[in-house]
Amino acid sequence: KQQNSISSLEETTQEQSNRIDGHDEEIKQQKQTIDNLVSGVNILRNSGFTGDYEITDLDIKDSLDATSREDFYSPSLKYWQVNGTVYAENSTDASSGKLVHFYDANSSITQTPHYSIVQGASYILSFIAPMNVDNHIYVQFDDDKDNAIEIHIDDTLHFTKKFTAAKNYTMITIATEYECVLYDISLIQGTVPISYWQASPLDNRKEQAG
């Protein structure tokens, strides 16, 4: 009987081990699926600062007329939490037609991307900073100041930075030391830079409206 009990225990242990191995494999497959979805695409929502087209909720009391300055899209800085005086402005140079203008010193914008930043994964951060003189841009993930990216700008700069995420992160903050403008901001997972700015596939853009 004791031998049977030991054999039964061994079989149960092996079954549990197989379940754990199967669960680990399922997790790996799910992670690979997510990696495939986000690899090579911009994971930042509304990084063109155009808002989401035709999704703003209107109250029944709202009135629309020819003099109204409200457009049929959500705020230009949707998905971004703003610290300081920051506006989205028209730009013929920006791929989206909009740039972000940091008016105040030490202003910043923060976003929680739909896809978290994964420890050990490779990423490429890029943006264009036109005609800025002697300024610093800081890019920080969560509260991890030790691994923040500092960029010195003394002329027009098309900035590209490859890095490996030191930890798992859920937020990205872009801050500026002095007044400046930025556009064509992107954060992609992978090691091959994209040759031109692309909106996040999760963004609802005007040209995609039916």
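Report the calculated FRET efficiency for Asp142 and Gln81 (r = Cβ-Cβ distance, R0 = 22 Å), to the nearest 0.05. Mind dumping the intermediate values first?
Working: r = 13 Å, r/R0 = 0.61.
After rounding, the FRET efficiency stands at 0.95.
Report the extension gain between Tyr178 and Ile194 in nm, rounded to one decimal, defined as 0.36 nm multiplied by the number of residues separating them, less their alpha carbon distance. Intermediate values should be presented prior to the final figure.
Working: separation 16, 0.36 × 16 = 5.76 nm, distance 2.84 nm.
Result for the pair: 2.9 nm of gain on full extension.
Across the range 69-210, the relative contact order, built from alpha-carbon pairs under 8 Å that are at least six residues apart, equals 29 percent.
Each peptide in 162-170, 121-129 gets a packing score, the mean of other Cβ atoms within 10 Å over its residues, and the list from highest to lowest is 121-129, 162-170. Note that the range 149-156 has calculated 3J(HN,Hα) couplings of 9, 10, 10, 8, 10, 10, 6, 4 Hz, one per residue in order, obtained from phi through the Karplus relation 6.51 cos²θ - 1.76 cosθ + 1.60 (θ = phi - 60°); glycine and proline are x. For the range 79-132, the fraction of 1.4 Å probe accessible surface lying on carbon and sulfur atoms is 43 percent.
Peptides 180-191, 104-115 ordered by packing proxy, namely the average of other Cβ atoms within 10 Å per residue, highest first: 180-191, 104-115. Here the extension length gained between Glu89 and His152 equals 20.4 nm, from 0.36 nm per residue of separation less the Cα-Cα distance.
The values are calculated or read from the model by the stated rules, or taken from the named source; none is laboratory data. None of these values were measured; they are calculated from a predicted model. Note: ideal-geometry Cβ built from the backbone for every residue, glycine included; neighbour counts use all protein chains shown. Heads up: the accessible areas ignore ligands, DNA and RNA and are worked out on the full protein's heavy atoms, side chains in. Shrake-Rupley method; radii C 1.70, N 1.55, O 1.52, S 1.80 Å.
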